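Just so it is clear, none of the values below were taken in a lab; they were calculated from the coordinates. These numbers come from a predicted model, not from an experiment. Note: ideal-geometry Cβ built from the backbone for every residue, glycine included; neighbour counts use all protein chains shown.
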Amino acid sequence: MIIKIENVSWQREESAILQNVSWEVNQGEHWCIVGLNGSGKTTLLNMINGYIWPTKGEITVLGKKFGEFDLRELRKSIGWVSSSLQQRLRGNETALNIVLSGKFATIGLYDKTQQEDSEKAYDLLKLLGCEKLANRRYDTFSQGERQRVLIARALIASPDLLILDEPCTGLDVFAREQLLSMVEKIAKQADAPTFLFVTHHIEEIMPVFSKTLLVKDGQIFKAGDTQDLLNSELLSRFFDSPLEVERRNERNWLTILGNP
Ligand SMILES: Nc1ncnc2c1ncn2[C@@H]1O[C@H](COP(=O)(O)OP(=O)(O)OP(=O)(O)O)[C@@H](O)[C@H]1O
């Protein structure tokens, strides 16, 4: 079992941000997490990483039950690529150093690195199609290049769980498709980590993400097989708006009908 969340709630002042959330992620599954702004996705991820504690309920991640072990150790097994990480990185570092820093879970590169680490970092840049950037400064990269470098940075630590939090934000349609097919290629590898892919756009759900979690108003609206969930009737209820889902090339495309 990769993640087991049992009846978890998180209360802030008067309001319940998460309410009675139960969700299981098993080995070999890759999940998409979909929900509108403010639905509770980031809160849920913060809980999985142990940055916030449930007011009620239990969480077990990678076989470790919260409250019974060192969270810092657990976090070494979890990669998290998000826009807040992107903002914290130093612009004057090279792509190679940024990837290498992922091995030590630091923002800059302080520890001495071995030749084999540099080789691994270079191979990962290559896997993500950005080996040409290895010695260029991070602040000269496009948004798509940054995201790819950050995914390489997360992979160097060989995480068991890899969270990609809206990785396609700010990408043009071609950069987006390029990133999605790289993510898909990596997720399909036999030794791939379990992926959690957070998005607002169902079009971004690649076939390899065979499981989907729909989060609405701090609750799980539905969790299950992506192809069972992504249909016009269910998503119209989920988004409280009539819409049509069209399936093409194993992807789903959404059209809003009428006024939202
Ligand atoms: N520390 C906090 N104190 C009070 N309210 C909070 C706190 N953290 C989050 N919230 C509220 O909880 C709700 C869920 O927020 P969250 O960031 O989890 O949503 P999200 O689904 O990640 O949204 P987005 O797609 O915009 O990133 C929001 O209404 C937010 O204002």
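What does the charge count around Ser232 come to, taking other residues whose C-beta lies under 9 Å from its C-beta (Lys +1, Arg +1, Asp -1, Glu -1)? Mind dumping the intermediate values first?
Numbers: positive: none; negative: Glu233, Glu244, Glu246.
That works out to -3.
Using alpha carbons only, how many degrees (0 to 90, rounded to 10) separate the axis of helix 173-188 from the longest principal axis of the chain?
90 degrees
Does segment 1-67 come out rounded, prolate or oblate by the C-alpha gyration tensor, with a ≥ b ≥ c the root eigenvalues, rounded set by a/c under 1.5 and, if not, prolate when a/b is larger than b/c and oblate if not? Could the numbers behind the result be given before it?
Working: a/c = 2.10, a/b = 1.31, b/c = 1.61.
Since a/c reaches 1.5 but b/c is at least a/b, the shape of segment 1-67 is classed as oblate.
Based on the Cα atoms of segment 56-105, what semi-axes does the equivalent ellipsoid have, where each is the square root of 5 times one gyration tensor eigenvalue, given in whole Å with the largest first?
29, 12, 8
Could you pull out every one of the lysines with an alpha carbon less than 18 Å from that of Lys41, ignoring same-chain neighbours closer than 8 positions?
Lys4, Lys56, Lys211, Lys216, Lys222
What does the C-alpha gyration tensor say about the overall shape of the chain? Classify as rounded when a/c is under 1.5, otherwise prolate if a/b is larger than b/c, or oblate.
oblate
Tally Lys/Arg at +1 and Asp/Glu at -1 over every other residue whose Cβ is under 9 Å from the Cβ of Thr94; what's the total?
Summing Lys/Arg as +1 and Asp/Glu as -1 gives +1.
Expressed as a whole number of Å, what is the distance separating the alpha-carbon centroids of segment 192-245 and segment 1-73?
Taking the Cα centre of segment 192-245 as reference, the centre of segment 1-73 is 18 Å away.
Please give the helix 143-155 orientation as an angle from the longest Cα principal axis of the chain, in degrees from 0 to 90, rounded to the nearest 10.
The two axes meet at around 80 degrees.
Which of the lysines could a cross-linker span from Lys132 if the Cα-Cα distance has to be under 29 Å and same-chain partners fewer than 8 positions apart are dropped?
Lys76, Lys103, Lys112, Lys120, Lys185, Lys188
Per the helix-only calculation at 222 nm, which mean residue ellipticity applies to the chain, given -39500 (n - 2.57) for every DSSP H run of n ≥ 4 and division by its residues, nearest 500 deg cm²/dmol?
When only DSSP H runs of four or more count, the value is -9000 deg cm²/dmol.
If every alpha-carbon in segment 37-163 counts as one equal scatterer, what log10 I(q)/I(0) does Debye give at q = 0.11, 0.15, 0.21, 0.23 1/Å?
For segment 37-163 at q = 0.11, 0.15, 0.21, 0.23 Å⁻¹, log10 I(q)/I(0) is -0.42, -0.73, -1.17, -1.31.
Suppose every Lys and Arg Cβ carries +1 and every Asp and Glu Cβ carries -1, with no other charges. What dipole size does the chain come out with about its Cα centre, to the nearest 20 debye?
The dipole of the chain has a size of about 560 debye.
With point charges of +1 on the Cβ of Lys and Arg and -1 on the Cβ of Asp and Glu, referenced to the Cα centre of the chain, which listed residue (Ile151, Phe197, Met182) lies farthest in the positive direction of the dipole?
The Cα lying farthest towards the positive end belongs to Ile151.
Under the rule a/c < 1.5 gives rounded, and otherwise a/b versus b/c splits prolate from oblate, where does segment 169-260 land using the Cα gyration tensor?
prolate
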